Structures are given as C-alpha cells and as structure tokens.
1. Of all residues in region 123-152, count the ones that are assigned to a strand (DSSP E or B) and under 19 Å from L187 (Cα atoms).
2. Provide a single number: the residues in region 153-204 that are in a loop (DSSP other than H, G, I, E, B) and among the aliphatic types (A, V, I, L, M).
3. May I ask you to list the residues in region 427-447 that are among the hydrophobic types (A, V, I, L, M, F, W, C) and crowded, with 22+ Cβ neighbours inside 10 Å?
4. Restricting the search to region 285-330, which residues are farther than 25 Å from G342 by Cβ and crowded, with 22+ Cβ neighbours inside 10 Å?
5. Could you say which residue among G352, G365 is closer than 15 Å to W335 by Cα and at pLDDT below 95?
6. Would you check if D287 is in contact (Cβ under 8 Å) with a residue 60 or more places away in the chain and of a type in the set (D, E, K, R)?
7. I'm trying to understand the selection: among the residues of region 331-346, which are in contact (Cβ under 8 Å) with a residue 40 or more places away in the chain and buried (at least 16 other Cβ atoms within 10 Å of the Cβ)?
8. From (1) out of contact with any His (no Cβ under 6 Å at 6 or more places or on another chain); (2) more than 26 Å from E57 (Cα to Cα); (3) surrounded by fewer than 22 Cβ atoms within 10 Å (Cβ to Cβ), pick out the condition that doesn't hold for T358.
Amino acid sequence: MIELGDVSGTGRDGPEPDPAGRPAPRSIRRRLAVAVALAGVLLLGAAAPPGVPLVHELWWAPFDDESSMTVRNGTVYVQKATTDGSVMTAYDLVTGDRRWKRATTGQASWMAVTGAGGVLLIAGAPVSTNVSYGDGSLAVQLSASELTALDEATGEPLWRAEGEMQAVSGDTVLLGDQDEAGHLTALRSIGLRTGSPRWERRITPAEVIATPDDGGDGPERIVTATADGRVTVFDAVDGTPLLARRVSWIERQPGEGLGTILRIAGDKLLVTRTDRRGGTITAYRLDTLDELWNTSANRQAVVQPCGPVLCLSNGGEVDGIDPATGALRWRGAGWAGAESLGGGRLLAYDNGQEPHQTLLDAATGRPIGAGDGVGYPIWPDAATGALLLVRALAEPGGRTVVTRLDLTTGRADPMGTVGTAEGINCRGTDRYLACQDDDRLIVTAVG
C-alpha cells in the first residue's frame, strides 16, 4: 500500500504504444525467445477470447529505477523525483489513458492511496536521524518531515501538514513528531480530506507506537511505550490519556536481534519481547492493561491477528493461538509466516527464495488445495476471490511466471509470463499486472 513513484508518461508522454494494444518490437523479440517455455502454460483453458494469450500486454510507459508506482481503484499511480520536487501521474489501468498529472514541491519518499476518502498521500523527503541502541549499535533512522494529500480522482492538492504519518483510520490521519534521538514526542490527528486539526498532544518520548488496524473491531486506541517499558493508552478520537503501567521490556538491540514490539489486536494489547532465549508474547486487556496470558517461542516470534486466531510465526512454523486464552489451537510446521485474507482464510508461506504459498483454514490450520502455488503475492486493493503470484523464471532470464491462486479452492493455475528487470517490481490486481521491465512500466492483462 505504500509505494514510491515516477513515470514521465505512458506512451502518451513518450513513444506512443501501438494503438491496437500490440506490444512493442522489443517485447515481441523476447516472446519469440521464450516461445517454447510459454507453450505449456498458455494452453490452460481460455479465460481470454480465442486467439488472445491468457497473459498479454496492454500498454507501456517509460520507467526507471528511480521511479515507483502503485495500483488502486483501476488506476496506476506513478511518481518521479525531479530536481525541484516530484511529478505524480495517474493512468487508467486498462487503457493507459492519462487521468491527471501533477507537479508537487519537495522531494517525495513514498505515496499511499487510502482505502477510504479518495485521498492520495505523499510523504516528504526523508530526514535522517542517528540513533544509538542499548547494545552499542548505531543506525540511521529515516522519517518523513511532512505529508501532502491530493484528491485521488483529480490530483488537486487538498492539504499539507508537518510530521510523519503513523496511521490512517476512517476519516483521520495520525501524525507524529520526533526528537533528535528518533523518539516520538508529539501526536496529532487531522481530517483525511480536509487536513483540519482534530487534536494534538505532547507525550513522554516514546520508542514504540501501536495503532489499531483500519477497519478493526476493537476500540479506537493508540498505545505508546518508552524505552524502559512504560505503556500509555490514548483515546484515538480525542487524544486523551486513559491509563498507563509499566510492563516487562527489553530495550531494542538491533545488532543482537533483540527488543520489544507492540501490536493491537481487537480489544487486546500484545507485547512481544525477544531475548537470547527466544520470544515471549504477553496479552493485556486494552481497557485496563491487566495481564491476560503469556506464551513463549524458542526463537524470534511475530504475532498478528488472523481472523478467529492469532498467528504466531517464528520462522519455522505457524501457531494458531486462541486470542482469549493464549492456548494453542493448531500448529503448521514448515511455514515461515501467514497473512490473513479475511473470510476465514490464511495464506501461509515458507522460507524459500521463491516461497510456496498455501491456503489455510484459519480456524483449524487445515490446508486447502494442493499447496502448489509458488511466488510472491500481488495483493489486490479489494477482495476478488483470487490473487496473483509472481516468481522469476530461471531460464530464460528476464521473465516472470504469473500464477493465479483461487482463494476458495486453493487451486494454483499458471497463466503465462511477463518481462521484468532483475528483481520483481510488480503491482496489480487479480486481472492486471503493472511491472517494471528495464526502462519501461508494462501493464499486462491476465486471463
């Protein structure tokens, strides 16, 4: 959801794509070179009209390694840094027609299209802060000094505000200020479309912040923690501090891979501490900060909401944990982690360089389908019942295999290949892919 960007045009601002939608000559040469490799995967049964490959180019635009893009609501948003700012351009995902183009002041570090409100958020140039940690290690922490909002449909500027974005929830944006040590020192909430202030509060310098997932079912709360483990809960609606307590805490030690992280899961606060013995997860009631339960892992662990369970991932297996008691409901060996897809489904992945992806039933951990999907998921901006997986093709190089994974049955169907540069830089939906291929951004129809 957060990307960087630039595109100086679709064939509209540079060389024109073929008006009939045919690929450029260089792409034709590449396809001839991989005709044998494609023969097997393009005989899968025709979602496309007769004579049209399941995977076929629609349009392209100039692109480079300094450019970035994101895809949302049927639009490709691209961003390019210039000497005195950046240029944002919006293109129709299917036709490549330019919807708008807007120059913005200042360098940009990322952009995000919000799920509600029709707002495109652009972070300002990153500011570097030298941070020292308890293990003696030093790091450079990057944060954005300002945030600009554009209307998603027209590109018209809406507002600009100082601070780094911490979260977007409903019709509000939470911003934060940092000190020279990289700690949060102030929080403020503003309107998503208007930029008008809702509230602002100075806080005790905090090392960690947790905010609820947008659209979650828990109370609207913000939680901060100091470097010595003093946790404070704020009302996200008006910024009022509600309660505070000190919890067991391990100071961040990146050189050793140790530290503490916070996560809000519904009406609970999850505190995960990692020391040399492994990880410990403690759950607290968000309304009282009373401890509910704790569980441990024999190595670093990550815990996150997964529908009816909490997913505890430690790199070698995924445990489904009962949110109310911390009891183990199921264990999936061999998985590095899992992501919630909604609707009682999880997508579990292994540690492979090109990871295997398997659909799981969230309540039981039971695999759904053969588990033969391979590649990295392209997360769509809306639930569609399927998603695409992409992985590099070893021979010939410079191609990426596209597979569609059905999120009901778990069936993985290879669809074809697209060209990409070294490393896969793709965004899209379950039907369209926008991928970097050397010096071009190519938009491809799938199926």
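1. 13
2. The number of residues fulfilling the criteria is 3.
3. Correct list: L433, A434, C435, L441, I442, V443, V446.
4. Passing the criteria: only A297.
5. G352
6. Yes.
7. Within region 331-346, L341, R345, L346 meet the criteria.
8. Tallying (1) out of contact with any His (no Cβ under 6 Å at 6 or more places or on another chain); (2) more than 26 Å from E57 (Cα to Cα); (3) surrounded by fewer than 22 Cβ atoms within 10 Å (Cβ to Cβ), T358 fails exactly one: (3).
The values are calculated or read from the model by the stated rules, or taken from the named source; none is laboratory data. Being a predicted model, the structure only gives us computed values, none of them experimental. Every residue, glycine as well, gets a Cβ built from its backbone with ideal geometry; the counts of neighbours run over all protein chains shown.
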